[in-house]
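The block underneath contains the structure these notes are about, expressed in structure tokens.
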Amino acid sequence: MIVKQISILNFKNLEQVDLTFSPKMNCFFGNNGMGKTNLLDALFYLSFCKNHTNLADFQLIKHDADFCVLQGSYLFEDNQQDEIYCGIKRKHRKIFKRNKKEYEKLSEHIGLLPLVMISPADTDLIQGGSDERRKFVDMVISQYDKLYLQSLIRYNKALVQRNSLLKSSDNQSFDESLFEIWEEQLVETGRIIYEKRKQFVAEFLPIFKELHRFICESGENVDLIYQSQLSDSDLMSSLVQKRERDKILGYTSVGIHKDDFDFLLNDYLMRKIGSQGQSKTYLIALKLAQFNFLVKTGSSVPVLLLDDVFDKLDAQRVEQIVKLVIQDRFGQIFITDTNRKYLDEILHKMNHDYKLFQVENGNITEL
């Protein structure tokens with residue numbers, strides 16, 4: 001799959017942008033704060049119906065505007081073409097359309113436009129809480145597995161309902177049997193999610209380890225360990241057992257929404273021992289493994305977005321990353337940097353079509 005064109009109106013600092021892209025390499029350079037990342041975030045939004053850093057939709061609209069619009073033209077491997085439209089208006093729900101037909105549910109869109117983005121914000125995967133790591137795994141699996149996505153949506157709805165019951169359970173006329181309805185749904189969907197997460201880690205880990213070895217060319221050993229309460233306990237029993245305690249807490253304390261994924265370097269947690277360079281290498285290998293995994297499991301080659309990936313990396317690791325991204329197995333790539341040094345190096349080594357763009361104060365000019 002490739003992005004042929006994009007039109008942007010009032011998205012962050014991008015007031016009006018109309019661009020046509022190379023099917024292989026698209027490079028954007030300019031100083032920090034000029035809008036390079038915002039262009040990549042617009043592409044991300046068209047794939048996932050949300051922005052990369054989980055800002056509220058109204059925060060994406062240019063400060064002095066009432067609405068923003070994103071429109072993308074996509075070409076697939078079978079020569080099918082799709083036009084995707086997104087409109088966001090203050091105090092209104094966003095509208096997503098495929099070929100002028102509005103989606104009934106946004107979940108129907110997820111997986112249509114596979115995409116992987118590597119950015120400085122990925123450090124939250126290491127330094128942030130378990131919810132950041134769950135979101136990463138959920139996003140990967142949801143792009144190729146509709147049952148997983150639907151199970152996740154149903155689980156989260158049941159979780160909201162049970163939490164609501166927990167907070168209102170001091171009412172004397174409260175019907176305790178209502179808990180059973182939502183707990184059964186938590187157990188049914190939670191088991192599906194647990195098994196698919198476990199399968200994902202088993203298949204993903206060898207790809208991740210191989211890419212990390214290639215990039216760092218050292219004896220560093222990385223690992224990804226899935227931690228779940230479901231691995232050694234029955235969820236229904238735990239929910240019933242914890243019900244009275246959860247009423248006091250006001251939320252559900254057990255379930256797959258408490259899962260975590262330990263990111264390890266040489267058997268130690270990355271967030272405790274990893275340097276900036278080691279952490280960035282870990283994350284780049286993780287996201288490139290995500291790309292390879294989606295190629296293996298999906299019908300379309302994902303678009304790859306590389307936002308300021310070379311900062312805080314030594315020359316050796318930069319060279320290894322360059323060797324990777326110029327390979328034919330990667331499809332369309334969008335890459336940003338504050339200067340042209342590494343971009344020119346990549347373009348010099350490529351035997352493919354490319355386009356180069358300069359970004360300044362929200363204006364994007366093709367060179």
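Quick note: the coordinates plus some simple rules give every number you see, no bench work behind them. Just so we're clear, the structure is a prediction, and the values are computed from it rather than from any experiment. Neighbour counts are summed over all protein chains in view; Cβ atoms, including those assigned to glycine, are modelled from backbone coordinates with ideal geometry.
For the pair the stretch 246-278 / the stretch 184-233, the C-alpha centres are spaced 13 Å from each other. Normalised radius of gyration (Cα atoms, divided by 2.2 N^0.38 Å) for the stretch 230-367: 1.52. In this structure, the residue pairs whose Cα-Cα separation is over 32 Å, taken from Lys94/Lys247; Lys296/Lys355; Lys89/Lys280; Lys36/Lys157; Lys157/Lys312; Lys105/Lys272, are Lys94/Lys247; Lys89/Lys280; Lys36/Lys157; Lys157/Lys312; Lys105/Lys272. Calculated from the structure at hand, Rg and Dmax of the Cα atoms in Å is found among [x] 24.0, 93; [y] 22.1, 74; [z] 19.9, 70 as [y].
Computed on the stretch 125-297, the Cα convex hull volume stands at 111 Å³ per residue.
Count Lys and Arg as plus one, Asp and Glu as minus one, and take only other residues whose Cβ is under 15 Å from that of Asp260; the net charge is then 0. Dividing the Cα radius of gyration of the stretch 108-217 by its Kirkwood radius returns 1.10 for Rg/Rh.
Axis of helix 235-249 versus longest Cα principal axis of the chain: the two differ by about 90°, to the nearest ten degrees. The largest-to-smallest principal axis extents of the Cα set in the stretch 328-367 are 34, 19, 14 Å. Distance from the alpha carbon centroid of the stretch 68-114 to that of the stretch 318-367 works out to 26 angstrom.
Peptide packing for 286-296, 246-256 was compared via the average number of neighbouring C-beta atoms within 10 Å per residue; ordered from the highest value, the list is 286-296, 246-256.
Taking the average, over residues, of other Cβ atoms within 10 Å as the packing measure, peptides 34-42, 92-100 rank 34-42, 92-100 from highest down.
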